[in-house]
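Novice: Let me give you the structure first, and then I'll get to my questions.
The values are calculated or read from the model by the stated rules, or taken from the named source; none is laboratory data. Remember, it's a predicted structure, so these values are computed and weren't measured experimentally. Glycine also receives a Cβ, built like all others from the backbone with ideal geometry; neighbour counts cover every protein chain displayed. What goes into the accessible areas is simple: the full protein's heavy atoms, side chains included, and nothing from ligands, DNA or RNA. Shrake-Rupley method; radii C 1.70, N 1.55, O 1.52, S 1.80 Å.
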Amino acid sequence: VAVEQLLAGCDGLVHAAGLVAFEAARAAEVRRNNEESVRLVIGRAVEQGLTRIVHVSSTSALYVPNGAPIRGDAEVQDGLNAYAHSKAVGERFVRGLQDSGAPVLTTYPTAAIGPDDPGFTDPNRAVSFFVRFGAVITSSGYQPVDVRDLASLHVALLESGPPGGRYVAAGPCYPWPDLYARVERVTGRRLPRWRVPGALMRAAGVLGDAAAPLLGSLPIPVTKESMEFATRWPGADGTPAQRDFQLSYRDLDETLADTFRWMLSAGHLEAHHIGRLADVR
């Protein structure tokens, strides 16, 4: 009833809500929250005849380690953990609606980074790690998308998108050394670098998950899922979204500079972390 009341009078909807938690103790909560929210919100929106519905899914629902670059038409995977599994369940539900002709569009963002992040989400936390502690060079790479460009895509889908479809939201994929070179260029700092094999990174992620219950609410930057994605990321193809909606995404230098300056003003970083950017505000 509450969802129906909220949707009354609406002609469009963006469903981007989801509980992101990887602790084993919260697995049931994550699955219940994320799976039911998609059924309730997207399902009710279709039933009430909304004509523009956008479902923000996750690349974790399509991820195959070292597989082909992720596209919107990729097959749904069961996922690495409860969160990824919950996104896969929601994805299958939405695809069923799309197959029946419902006007639902789906996006699959990669690592969304950018300023003004109210929750200091994991992708931004990862970028802050580089300038605080240094650069770990391992296999695969990092594929960010500026959160402002992601917002522009969602606006385009609401305003002029087709009645259904699936779009990856992604900028270019950067091998780790290339990403760190960009960070060094915008900050003017030389980052300490360490080479670590992907297998060792993944083992550290398993240990990080095991240690999480002992550390309470303290965030763990090294998790099984994050190290899996960091070392076996296959890349994702975001060109269809940019082509179909004539979107021009920001250069990574601009995204990094704006993000680091915001992190400084928000207290997530100190001036020496972002080098010369601290003098340009």
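Novice: Among the residues in region 115-129, are any part of a loop (DSSP other than H, G, I, E, B), touching a residue at least 12 places away in the same chain (Cβ under 8 Å), among the acidic types (Asp, Glu) and open to solvent by 50 Å² or more (accessible area, probe 1.4 Å)?
Specialist: Within region 115-129, the first condition is being part of a loop (DSSP other than H, G, I, E, B), and the residues that meet it are 115-121.
So of that shortlist, the ones also touching a residue at least 12 places away in the same chain (Cβ under 8 Å) come out as 115-117, 120-121.
Adding the requirement that they be among the acidic types (Asp, Glu) leaves 116-117.
Adding the requirement that they be open to solvent by 50 Å² or more (accessible area, probe 1.4 Å) leaves 116.
Yes, there is a match, as at least one residue in region 115-129 is part of a loop (DSSP other than H, G, I, E, B), touching a residue at least 12 places away in the same chain (Cβ under 8 Å), among the acidic types (Asp, Glu) and open to solvent by 50 Å² or more (accessible area, probe 1.4 Å).
Novice: Can you find, within region 139-154, the residue that is surrounded by the most Cβ atoms within 10 Å (Cβ to Cβ) among those that are out of contact with any strand residue (DSSP E or B) (no Cβ under 7 Å at 6 or more places or on another chain) and of a type outside the set (Asp, Glu)?
Specialist: Within region 139-154, the match that is surrounded by the most Cβ atoms within 10 Å (Cβ to Cβ) is 140.
Novice: From the list 261, 276, 250, which one is open to solvent by 70 Å² or more (accessible area, probe 1.4 Å), under 27 Å from residue 155 (Cα atoms) and modelled with pLDDT of 95 or more?
Specialist: None of the other options fit; the residue is 250.
Novice: Now for a different question. I'd like the full set of residues that are touching a Leu at 6+ places or on another chain (Cβ under 9 Å) and on the phi > 0 side of the Ramachandran plot, limited to region 74-118.
Specialist: Correct list: 114 only.
Novice: Separate question: Hey, could you check region 225-240 for residues that are more than 15 Å from residue 68 (Cα to Cα) and under 16 Å from the mean Cα position of the chain (by Cα) and say which is surrounded by the fewest Cβ atoms within 10 Å (Cβ to Cβ)?
Specialist: 225
Novice: Which ones in region 143-162 are under 22 Å from residue 174 (Cα atoms) and of a type in the set (Asp, Glu)?
Specialist: The answer is 146, 149.
Novice: Between residues in region 197-211 that are touching a residue at least 12 places away in the same chain (Cβ under 8 Å) and residues that are among the hydrophobic types (A, V, I, L, M, F, W, C) and part of a helix (DSSP H, G or I), which pairs lie under 6 Å by C-beta distance while being six or more apart or on different chains?
Specialist: Listed by first residue and then by second, the contacts come to 201/227; 202/227; 205/227.
Novice: Every residue in region 226-281 that is in a loop (DSSP other than H, G, I, E, B) and of a type in the set (Gly, Ala, Ser), please.
Specialist: 235, 238, 248, 266, 267 - these are the residues of region 226-281 that are in a loop (DSSP other than H, G, I, E, B) and of a type in the set (Gly, Ala, Ser).
Novice: State the number of residues belonging to region 159-169 that are open to solvent by 40 Å² or more (accessible area, probe 1.4 Å) and outside any helix (DSSP H, G or I).
Specialist: Total satisfying the criteria: 3.
Novice: Also, quick follow-up: Of the numbered conditions (1) within 22 Å of residue 173 (Cα to Cα); (2) surrounded by fewer than 19 Cβ atoms within 10 Å (Cβ to Cβ), residue 96 fails exactly one; give the number of that condition.
Specialist: The one condition residue 96 does not meet is (1).
Novice: Kindly check whether there is at least one residue in region 139-158 that is farther than 25 Å from residue 68 by Cβ, part of a helix (DSSP H, G or I), in contact (Cβ under 8 Å) with a residue 12 or more places away in the chain and under 12 Å from the mean Cα position of the chain (by Cα). It would help to see each step written out before you state the result.
Specialist: Residues of region 139-158 farther than 25 Å from residue 68 by Cβ: 147-148, 151-152, 154-156, 158.
Filter once more, keeping what is part of a helix (DSSP H, G or I): 147-148, 151-152, 154-156, 158.
Then keep just the ones that are in contact (Cβ under 8 Å) with a residue 12 or more places away in the chain; that gives 147-148, 152, 154, 156, 158.
Add one more test, that the residue is under 12 Å from the mean Cα position of the chain (by Cα), and what stays is 147.
Within region 139-158, one or more residues are farther than 25 Å from residue 68 by Cβ, part of a helix (DSSP H, G or I), in contact (Cβ under 8 Å) with a residue 12 or more places away in the chain and under 12 Å from the mean Cα position of the chain (by Cα).
Novice: Moving on. Please work out which residue is modelled with the lowest pLDDT, limiting yourself to region 170-215 and to residues that are under 26 Å from residue 58 (Cβ atoms), open to solvent by 40 Å² or more (accessible area, probe 1.4 Å) and of a type outside the set (A, V, I, L, M).
Specialist: Across region 170-215, the extreme among qualifying residues is 213.
Novice: Continuing with the same structure: Is there any pair with a first residue in region 226-245 that is within 17 Å of residue 107 (Cβ to Cβ) and a second that is in a helix (DSSP H, G or I) and open to solvent by less than 20 Å² (accessible area, probe 1.4 Å) whose Cβ atoms are under 7 Å apart and which are 6 or more apart or on different chains, and what are they?
Specialist: If the second residue must be in a helix (DSSP H, G or I) and open to solvent by less than 20 Å² (accessible area, probe 1.4 Å), the pairs left are 236/59; 241/153; 245/153; 245/156.
Novice: OK, next. Looking only at region 48-85, filter to residues that are acidic (Asp, Glu) and over 23 Å from residue 156 (Cα atoms); which one of those is most open to solvent (accessible area, probe 1.4 Å)? Let's see the steps before the verdict.
Specialist: To start, the set of residues in region 48-85 that are acidic (Asp, Glu) comprises 73, 75, 78.
Retained after the next criterion (residues that are over 23 Å from residue 156 (Cα atoms)): 75, 78.
On the way: 75: 141, 78: 88 Å².
Among them, the one singled out is 75.
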